[in-house]
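Enquirer: Handing you this structure, nothing more for now.
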Protein chains: 2
Amino acid sequence: PLKVWSNIAHTASKAKELGQDDPRRIIHSCKVGLAITIVSLFYYFNPLYDGFGVSAMWAVLTVVVVFEFSVGATLGKGVNRAIATLVAGSLGVAAHHLAVLPGETAEPFVIGITVFLVASVFTFARFFPKLKARYDYGLVIFILTFCLISVSGYRDDEVIDLAHKRMSTIFIGGATSIFVCIFIYPAWAGDDLHKQLATNMEKLATFLQGFGDEFFKTSDSTIVEDRRASLQAYKSVLNSKGTEETLANFAKWEPRHGRFRYRHPWDQYLKVGAHIRQCAYSIEALNGYLNSDNQIPYEIREKVQQHCKKMSTECSLALKELALSIRTMTRSSAADAHVLNAKNAAKSLKSSLKTGLWVNAELLQIIPALTVASLLVEVVTCSVNLSEAVHELAT
Amino acid sequence: PLKVWSNIAHTASKAKELGQDDPRRIIHSCKVGLAITIVSLFYYFNPLYDGFGVSAMWAVLTVVVVFEFSVGATLGKGVNRAIATLVAGSLGVAAHHLAVLPGETAEPFVIGITVFLVASVFTFARFFPKLKARYDYGLVIFILTFCLISVSGYRDDEVIDLAHKRMSTIFIGGATSIFVCIFIYPAWAGDDLHKQLATNMEKLATFLQGFGDEFFKTSDSTIVEDRRASLQAYKSVLNSKGTEETLANFAKWEPRHGRFRYRHPWDQYLKVGAHIRQCAYSIEALNGYLNSDNQIPYEIREKVQQHCKKMSTECSLALKELALSIRTMTRSSAADAHVLNAKNAAKSLKSSLKTGLWVNAELLQIIPALTVASLLVEVVTCSVNLSEAVHELAT
């Protein structure tokens with residue numbers, strides 16, 4: 001019993017954490033509860049129940065299946081479901097008519113073959129990447145509805161009556177979901193994608209801000225573990241591709257809201273995301289040199305430290321400005337200045353390395369510093385590309 | 001009309017491509033068609049139709065929704081659906097009984113509140129990452145069934161009869177799906193995960209194999225664009241995390257098959273995958289130096305070329321051996337030898353850089369070669385970790 005209690009306490013604290021992480025999760029749960037309750041009571045009270053009969057349960061089913069966290073996902077599923085049901089329903093009735101033509105003995109064969117072909121072809125269609133991304137759910141519902149209608153052994157008028165009722169109830173369920181989803185504290189996938197790009201840039205900026213000091217620290221400075229950990233936030237950016245693509249697909253379903261038009265250039269967001277990841281890969285390589293305990297010879301330190309710190313800091317500032325300009329959706333020239341500074345620092349580094357000759361230390365000792373310098377130049381290049389992509393987004 | 005034809009031709013060629021890429025897609029489509037046809041004919045022929053009535057359509061619905069590409073996904077969904085329906089059905093009947101107790105006027109309120117609470121709480125439960133990964137579908141079906149049963153205004157014996165029929169039909173649909181999925185050309189998620197790890201390692205190996213020659217090419221050697229392109233195959237490894245996690249979740253549902261036990265250490269596969277990605281990040285940094293046109297001074301070339309080529313080649317061979325040992329599921333010592341060679345090459349590089357003093361060239365010119373050397377040492381470290389993880393998997 002003690003163990004049970006500690007399990008419950010653990011779950012409760014975990015739930016609290018999830019709720020605090022993103023309060024919209026709690027709101028979403030209540031919204032789902034609300035939508036289902038509304039539809040259930042529709043179903044429960046007699047007038048509607050008499051009208052729709054058993055079909056009314058399709059309304060509850062639709063709400064449970066269609067209601068998703070973001071508006072885009074809900075709209076996408078709702079529209080997919082509605083259109084697929086309508087089209088498949090009509091075709092199913094047609095198939096049912098055709099199957100009766102050749103006579104009663106052939107009917108099961110005709111139906112069996114039709115169902116087999118439709119199910120196979122549409123299942124295969126789900127493998128097309130473009131269909132998969134936007135219409136996967138619609139294809140599933142198409143197969144489902146077509147098979148149900150064409151197989152059902154009803155008489156003609158009953159089939160049409162059934163199809164009609166099902167459409168109405170699915171419409172009620174879908175409309176309730178979409179209404180609750182949009183008008184009560186909506187969670188927009190587009191907003192999320194937008195914010196995620198900014199947050200990811202800020203994570204990279206945090207790393208670059210701390211990197212210079214951390215790498216060139218003199219041996220007597222104490223290592224603050226906490227600070228190290230905060231630098232590692234960028235790791236999540238490395239695997240951000242899947243989330244971004246999903247969010248962009250949802251966002252494409254969303255109507256105009258807040259500062260976003262209906263045909264907001266979501267694909268451009270994906271390009272910006274790709275540039276951010278490219279930066280993150282270079283930063284991942286840089287991170288490998290943070291943990292090694294380097295003794296940087298004095299001469300090389302003098303040659304590169306200042307420029308490297310400058311590159312790192314300026315890139316960090318540029319990324320922060322870019323993140324801010326994404327957040328506020330303004331075109332900022334402050335980022336350009338920082339990018340320019342970073343470029344100049346890279347140039348000065350190069351000329352500083354060009355002039356001096358190196359005579360006094362082992363090559364092995366200077367490698368880490370030179371590698372870091374070289375990788376930072378890569379980061380500067382990435383930042384330039386990123387800044388261009390963000391500007392393109394702003395226009 | 002011409003445009004329509006070209007569209008059709010384009011779609012057909014695309015479909016052929018998809019089919020050739022992975023013929024299991026065609027098999028899967030036919031399997032889905034077969035399973036639905038079997039269940040439909042169950043439904044169509046009168047004896048069963050009389051017994052189950054309208055509930056029989058739940059069998060078709062279950063097949064369409066549960067049948068997935070891999071055995072693991074299908075089993076996972078089927079088990080989730082069956083258990084969730086059973087539990088939610090019982091609780092729904094209980095809730096229905098309780099709701100009647102306080103009298104007829106209060107009934108809608110009691111039902112409304114119960115439905116709201118259950119739907120909200122279980123929707124929130126879907127946010128727990130562990131539940132999301134394995135039981136997401138079960139939670140949806142739980143909400144669905146509970147709401148349908150507790151809301152339906154049937155008399156008691158009808159509710160139980162309905163629940164019984166629905167369970168039977170869902171069982172028929174689920175069993176048909178699982179049977180067809182497992183016994184006709186099964187596609188195992190575990191196999192896919194297993195092969196993906198090996199393929200990913202081979203992609204990295206291909207890069208490392210070509211890298212040495214490509215980077216240290218003398219200026220008169222012609223650049224072969226085709227070869228360049230083949231080196232870039234590793235890029236897909238960078239974003240492999242999502243796929244691997246999904247496959248591992250599916251694989252956990254799969255029974256013993258081929259060379260895999262029921263509790264195969266799938267989590268260890270994820271660790272190996274993480275090490276592979278770590279390698280890929282270093283390789284991404286290396287790749288940046290392939291495209292720049294470097295003139296490597298003779299002295300530094302002499303110092304590092306041999307060791308770098310050795311490190312790159314030996315890592316490549318080690319990765320290939322590791323991929324082979326994963327494919328054949330044997331513990332191979334050949335990889336160890338190559339890893340050792342690579343480590344030794346890294347050591348020789350270090351000592352070669354330690355002894356010589358550098359007097360004759362600009363620092364700027366030697367940076368690319370030194371950076372590449374340093375990154376290759378990182379790759380060697382990754383390979384060592386990877387090899388350990390693979391060996392751990394083999395035990």
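The values are calculated or read from the model by the stated rules, or taken from the named source; none is laboratory data. Remember, predicted model here, so these are calculated numbers, not experimental data. Here the Cβ positions follow ideal geometry from the backbone for every residue, glycine too, while neighbour counts run over all protein chains shown.
Enquirer: In this structure, is residue A:150 crowded, with 24+ Cβ neighbours inside 10 Å and more than 30 Å from residue A:321 (Cβ to Cβ)?
Expert: Numbers: crowded, with 24+ Cβ neighbours inside 10 Å: yes; more than 30 Å from residue A:321 (Cβ to Cβ): yes.
Against the criterion (crowded, with 24+ Cβ neighbours inside 10 Å and more than 30 Å from residue A:321 (Cβ to Cβ)), residue A:150 qualifies.
Enquirer: Here is a list of conditions, (1) farther than 22 Å from residue B:304 by Cα; (2) under 31 Å from the mean Cα position of the chain (by Cα); (3) buried (at least 17 other Cβ atoms within 10 Å of the Cβ), and residue A:327 meets all of them except one; can you say which number that is?
Expert: With respect to (1) farther than 22 Å from residue B:304 by Cα; (2) under 31 Å from the mean Cα position of the chain (by Cα); (3) buried (at least 17 other Cβ atoms within 10 Å of the Cβ), residue A:327 is out only on (3).
Enquirer: Tell me, which residue of the range B:170-215 that is farther than 19 Å from residue B:246 by Cβ and β-branched (Val, Ile, Thr) is surrounded by the fewest Cβ atoms within 10 Å (Cβ to Cβ)?
Expert: B:184
For (1) buried (at least 20 other Cβ atoms within 10 Å of the Cβ); (2) of a type in the set (A, V, I, L, M, F, W, C), each residue gets a yes or a no:
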position	(1), (2)
B:97	no, no
B:101	no, yes
B:120	yes, no
B:133	no, yes
B:144	yes, yes
B:162	yes, yes
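Enquirer: Counting only residues that are at pLDDT 75 or above, in contact with a Leu (Cβ under 7 Å, 6 or more places away or on another chain) and of a type in the set (S, T, N, Q), give me the helices (runs of 4 or more DSSP H) lying completely in the range B:283-395 with at least 1 of them.
Expert: Details: elements: B:298-328, B:334-355, B:363-394.
In the range B:283-395, the matching helices (runs of 4 or more DSSP H) lie at B:298-328, B:363-394.
Enquirer: Let me ask something additional. How about the range A:363-391: which of its residues are without any contact (Cβ under 8 Å) to a residue 40 or more places away in the chain and either closer than 12 Å to residue A:318 by Cα or surrounded by fewer than 20 Cβ atoms within 10 Å (Cβ to Cβ) (or both)?
Expert: A:364, A:381, A:388
Enquirer: For residue B:186, work out the one condition from (1) touching a strand residue (DSSP E or B) at 6+ places or on another chain (Cβ under 8 Å); (2) within 14 Å of chain A (Cβ to nearest Cβ) it doesn't fulfil.
Expert: Failing condition for residue B:186: (2).
Enquirer: Now for a different question. Can you confirm whether residue A:29 is modelled with pLDDT of 90 or more and at the interface with chain B (Cβ under 7 Å from one of its Cβ atoms)?
Expert: When the stated conditions are applied, residue A:29 passes them.
Enquirer: Quick one: residue A:197 ticks every box in (1) at pLDDT below 90; (2) more than 12 Å from every other protein chain (Cβ to nearest Cβ); (3) within 20 Å of the chain's Cα centre (by Cα); (4) at negative phi bar one, so which box is it?
Expert: Only one criterion in (1) at pLDDT below 90; (2) more than 12 Å from every other protein chain (Cβ to nearest Cβ); (3) within 20 Å of the chain's Cα centre (by Cα); (4) at negative phi is unmet by residue A:197, namely (1).
Enquirer: Still on this structure, I have one more. Please pick out the residue among A:202, A:254, A:214, A:245 that is within 30 Å of residue A:144 (Cα to Cα) and either among the aliphatic types (A, V, I, L, M) or part of a helix (DSSP H, G or I) (or both).
Expert: A:245
Enquirer: Could you please give the count of residues in the range A:226-244 that are without any contact (Cβ under 8 Å) to a residue 60 or more places away in the chain and either aromatic (Phe, Trp, Tyr) or surrounded by fewer than 17 Cβ atoms within 10 Å (Cβ to Cβ) (or both)? Talk me through it step by step, then tell me what you get.
Expert: Step one: filter the range A:226-244 for residues without any contact (Cβ under 8 Å) to a residue 60 or more places away in the chain, giving A:226-227, A:229-244.
Narrowing the set further to residues that are either aromatic (Phe, Trp, Tyr) or surrounded by fewer than 17 Cβ atoms within 10 Å (Cβ to Cβ) (or both) leaves A:226-227, A:229-230, A:232-236, A:242-243.
Final tally of qualifying residues: 11.
Enquirer: Those residues that are in a helix (DSSP H, G or I) and either exposed (fewer than 15 other Cβ atoms within 10 Å of the Cβ) or within 7 Å of another protein chain (Cβ to nearest Cβ) (or both), I need them from the range B:16-25; list them, please.
Expert: Of everything in the range B:16-25, those that are in a helix (DSSP H, G or I) and either exposed (fewer than 15 other Cβ atoms within 10 Å of the Cβ) or within 7 Å of another protein chain (Cβ to nearest Cβ) (or both) turn out to be B:16, B:17, B:18, B:20, B:21, B:25.
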